[in-house]
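> This is the structure, below, for whatever I ask next.
Derivation of every value follows stated rules applied to the coordinates shown; laboratory data play no part. Computed from a prediction, not measured in an experiment: that's the story for all the values here.
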Amino acid sequence: MGLITGLILGGATAAIAPVAVPAALGVLGFTSAGIAAGSFAASFMASYGGAVASGSACAIAQSIGAAGIGTAATAASAATATLVGIII
């Protein structure tokens, strides 16, 4: 669609992602107090067989659920959304 669409998507992502992503992960059970018992997050963690590696999808989701999204991740998601908007 072009540059304008890309800039709109990038700006919207930068504004929404820091709030929406941690909230969504919280609903799934990745919370600031740890992984909630009986949740999707607990099942996901169990699928690792008790050995969740640093940098794995589960570890990253828990980190975001506990501490939120940092500046670098916000910038990366906004840049990705901008590129997708320019391409489509």
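> Measure nothing fancy, just the Cα-based angle from helix 71-87's long axis to the longest principal axis of the chain, in degrees from 0 to 90, nearest 10.
Taking the Cα atoms of the chain, the angle to 71-87 is about 50 degrees.
> Relative to the present Cα-Cα distance, how much length would full extension add between L83 and V27 at 0.36 nm per residue of separation?
Extra length available between L83 and V27 comes to 17.3 nm.
> How high is the relative contact order of the stretch 3-83, given as a whole-number percent (alpha carbon pairs under 8 Å, six or more residues apart)?
51
> Let me ask something else. Can you give me the Cα centroid spacing of the stretch 27-56 and the stretch 73-88 in angstrom?
The stretch 27-56 and the stretch 73-88 have Cα centres spaced 28 Å from each other.
> Can you show me the helix-derived [θ] at 222 nm for the chain, built from DSSP H runs with n ≥ 4 at -39,500 (n - 2.57) apiece and divided by the number of residues, rounded to the nearest 500.
Result for the chain, helices only: -23000 deg cm²/dmol.
> Given (i) 0.99; (ii) 1.14; (iii) 1.27, which label gives Cα Rg over 2.2 N^0.38 Å as computed from the coordinates?
Given (i) 0.99; (ii) 1.14; (iii) 1.27, the calculated one carries the label (iii).
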